[in-house]
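Just below is one structure, and these are the notes that go with it.
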Amino acid sequence: MSRRSGRRPVVPGAEQGLSAFKAEVMKKEGYAVDPNRPDNVKYEVAKSLGVPLEPGDNGQLSTESVGHVGGKIGGSMVREMIRLAQEKLANRSEP
């Protein structure tokens, strides 16, 4: 199986918005986030999970270990998106 390279959002130009959303969500989760480099939060998440993720080559890490880091970040983002959607639907149905 080959690695995906150049993961990009389906909507062109959405990268900046997604990065800002990630920073906001992870900050709410209690992580220190540099708003100029929100992707760096993955190193703090990895540290909290005991995964030795470092900048550069991490070929020695298992897919499972790296998945825990991505799952923590992505799961938090998905939960927040669902919460926001439910809130919006509830507000729309009020008279």
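Where a number appears in this text, it was derived from the coordinates with a stated rule and is not lab data. Quantities reported herein were computed from a predicted structural model and do not represent experimental measurements. In this analysis, Cβ positions are derived from the backbone assuming ideal geometry, glycine residues included, and neighbour counts consider all displayed protein chains.
Taking the Cβ of each residue in 26, 81 as the centre, tally the other Cβ atoms inside 10 Å and list the residues starting with the fewest.
81, 26
Can you count the Lys pairs in the chain whose Cα atoms are under 15 Å apart, with each pair 8 or more apart or on different chains?
Summing the qualifying lysine pairs gives 8.
For the chain, what is the relative contact order in percent, using Cα pairs closer than 8 Å and at least 6 residues apart in sequence?
21 percent
Which order results if 82, 73 are arranged by neighbouring Cβ count within 10 Å, fewest first? Before the final figure, lay out each step's value.
Numbers: 82 10, 73 20.
Ascending number of Cβ neighbours within 10 Å: 82, 73.
Using per-residue counts of other Cβ atoms within 10 Å, averaged over each peptide, order 11-17, 61-67 from highest down.
Result, highest mean Cβ count within 10 Å first: 61-67, 11-17.
Please give the charge dipole size of the chain, origin at the Cα centre, charges +1 on K and R Cβ atoms and -1 on D and E Cβ atoms. Round to the nearest 20 debye.
Charge dipole, the chain, about its Cα centre: 220 debye, nearest 20.
How big is D, in µm² s⁻¹, for the chain by Stokes-Einstein at 20 °C and 1.002 mPa s if Rh is the Kirkwood radius over C-alpha pairs?
Values: Rh = 15.1 Å.
D, rounded to a whole number, is 142 µm²/s.
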